[in-house]
Amino acid sequence: MTPVTVITGGAGGMGTATAAVVGREHSVVLVDVRAERLDSAAAALKDGGVSVTAVHADVTDPDAVSAVFDTASGLGELVSVIHTAGVSPSMGDAEYVMRTNALGTATVGERFHACAPQGAALVNVASMAAYLLPAEMIPAQYFPLALSDPAAFLEKMRPAWESLPEEFRSGVAYGVSKSFVRWYSSAQAERFTAKGLRVVSISPGSTDTEMGRLEEQAGAGAMVADAAVPRWGTAQEMADLLAF
């Protein structure tokens, strides 16, 4: 049976680069909320010899995510989901960042847990930003609500940024949302393992993609300059890691 990998955020630099690597051996279901960019990425991958099925979907929409998994199961055996979909602080307000990054991860992860066959793997993309906020600013005790009551989860997250000046809110929400991705990938690991599934996360630093460069003047560039290896990471490096 044909092995199938789902890649969310597939029209982004990291997602498309990963599809090119994984697509050497797997059929790829490429998922993104941006329809035109998705079609363009899928066309480029097909030109490179990758078997691609493009699905326009919002990862925070449970019905849309279910349809993605239905598409994948119709193409062969689902072997992995690489969840790169996410937004950076410059792309929206704090609640949008939290909803996309945290609830999107929970929506994809829970559907994967419900239907993936034994042996499949879920790889989530967190961020080094998950390590930068003081623990006192991260309402981790309320993270489990994302799995049962998304509205209550968002309500409990808002105090993390509501009292801050407007210019800091999305950045703090980003750090909290990526802390959620780390938490989900570790806290749910035992539950996934009981079904023969794997779930892991990676935490990239400043990466030379369109989204990464949006944050160049908001701290990402300074972190590169002060890093032990003072250069931007590349989409290809992240793709090779995600594929592994």
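For the reader, a short list of remarks on this structure follows.
- Heavy-atom SASA rank of Arg37, Arg198, Arg24, Arg231 (probe 1.4 Å, accessible area, largest first): Arg24, Arg198, Arg231, Arg37
- Protein-only accessible surface order, largest first, of Asp61, Asp70 at 1.4 Å: Asp70, Asp61
- Its Cα gyration tensor gives the chain an equivalent ellipsoid, and the semi-axes of that ellipsoid, as √(5λ) in whole Å with the largest first, are 27, 22, 16.
- Springs between Cα atoms under 10 Å define the GNM used for the chain, and in it the highest mean-square fluctuation of Gly23, Gly15, Gly233 occurs at Gly233.
- Considering only Asp63, Asp32, Asp226, the Gaussian network model of the chain with Cα springs below 10 Å gives its largest mean-square fluctuation to Asp226.
- Segment 1-81 - Debye-derived log10 I(q)/I(0), Cα point model, q = 0.17, 0.27 Å⁻¹: -0.55, -1.36
- The chain: DSSP helices with Cα axial extent of at least 30 Å and average Kyte-Doolittle hydropathy no lower than -1.0: 166-187
- Entry note, segment 1-68: relative contact order of 31 percent, from Cα contacts under 8 Å with a spacing of 6+ residues.
- Fraction of accessible area attributable to carbon and sulfur, the chain (%, probe 1.4 Å): 53 percent
- Shown for segment 1-135 is the translational diffusion coefficient from the Stokes-Einstein equation, using the Kirkwood radius over Cα pairs, a temperature of 20 °C and a viscosity of 1.002 mPa s: 143 µm²/s.
- Accessible surface for Leu78 stands near 20 Å², nearest 10, in the context of the full protein assembly shown (1.4 Å probe).
- Comparing Pro117, Pro165, Pro139 in a Gaussian network model of the chain (Cα springs below 10 Å), the most mobile by mean-square fluctuation is Pro165.
- Counting only heavy atoms of the protein chains and using a 1.4 Å probe, Lys156 has close to 90 Å² of accessible surface.
- The order of Trp183, Trp161 by accessible area, most exposed first and with a 1.4 Å probe, is Trp183, Trp161.
- Probe 1.4 Å - accessible area at His26, Å² to nearest ten: 50 Å²
- Straight Cα distances below 14 angstrom link Lys178 to the aspartates and glutamates Glu95, with same-chain residues fewer than 8 positions distant left out.
The values are calculated or read from the model by the stated rules, or taken from the named source; none is laboratory data. Since the structure is predicted, the reported quantities are computational estimates derived from the model, not experimental observations. Heavy atoms of the whole protein, side chains included, go into the accessibility calculation; ligands, DNA and RNA do not. Shrake-Rupley method; radii C 1.70, N 1.55, O 1.52, S 1.80 Å.
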